[in-house]
1. Can you put Ser91, Ser213, Ser83 in order, fewest other beta carbons within 10 Å first?
2. Subtract the Cα-Cα distance of Tyr273 and Met62 from 0.36 nm times their separation in residues, and report this length gain in nm to one decimal.
3. Trypsin sites (Lys or Arg not before Pro), restricted to the range 167-248: which are DSSP loop and have at most 13 other Cβ atoms within 10 Å?
4. Highest mean first, how do 151-163, 194-206 rank when packing is the count of other Cβ atoms within 10 Å averaged over residues?
5. For His57, what is the net charge nearby, where nearby means another residue's Cβ is under 12 Å from its Cβ and Lys, Arg count +1, Asp, Glu -1?
Amino acid sequence: MKNVKTIALATALVATAALAAPTFAADRGEDIRSGDYSWMQFNYMYAVDELPGGSNHDYMEMEFGGRAGVVDLYGYVDVFNPSERTDSDKSGSPKMFMKFAPRFSIDAITGMDLSVGPIQEVYLTTLFNWGGGDINLYAPGAGDVNNASIGIGADVMVPWFGKVSMNLYKYYEIQAKDWNGYQFSMNWFKPFYNFDNGSFISYQGYLDYQFASDDDFSATQASSGGVMFNGIYWHSDNYAVGYGIKAFSDVYLIKDTDGFQSTGFAHYFSATYKF
């Protein structure tokens, strides 16, 4: 309950500042809408040995994001086994998964430039993961993936990588109505080879790591775990193709066992159309 009260107070303070202070984000001057942008793309993906469980399957992903005033947004919606192939490891499984990650610029809300050293901008950051299964999917009343996180984030300039998004969250399991540990997340996008026609090759990826979790929360839960995705992609204005390898360690806080694998590596192949 203390965590709930602390986060509620922090949210209230930020909201109050938004009403009371002039708003301008770092590097945007007085017009916080001057740098607004949005993007969307569709990715056709194929996963090999995806964990937990080691499944092979295809899926369609709608990925989106942008910036609008004080809000920085990233998210995606996955539709699994879109052609309903009976030989897919996702056959008979929930069809959809959504990640939704809005961040709210404290710089823009308060009218203060909080940049210091490599830190470019500071955010009140949130993260929501929602699965498409019913409440009795894995066990009576257990439900599908359904969690939320809130915390503090920043855009940080890192040598060679450039701007990297880093976020530290307090993790809340919506289905169980309980706080359980923390999550650190970061993501990057680094073009490193340019072609004469304007296309380029990038190194892009992300890290999600959960820690300080109560491993008594369930019999199969680990106290820490996460994933790291490392991708090499070719990009043009309208298309992208790429390959990524993802490392898993007790992913989703599921303990790795001989009977159910949650630690290892998976491979991803992607073809993208950009809007």
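Each value in this text was obtained by applying a stated rule to the coordinates, not by laboratory testing. Bear in mind that the values here come from a model prediction, so they are computed numbers and not experimental data. Counting neighbours? That spans all protein chains shown, and the Cβs are built from the backbone with ideal geometry, glycine included.
1. Ser83, Ser91, Ser213
2. Numbers: separation 211, 0.36 × 211 = 75.96 nm, distance 1.00 nm.
Length gained, Tyr273 through Met62: 75.0 nm.
3. Lys177
4. Values: 151-163: 15.5, 194-206: 13.6.
Ranked by mean Cβ neighbours within 10 Å, highest first: 151-163, 194-206.
5. Details: positive: Arg85, Lys90, Lys95; negative: Asp49, Glu50, Asp58, Asp78, Glu84, Asp87, Asp89.
Surrounding charge for His57 is -4.
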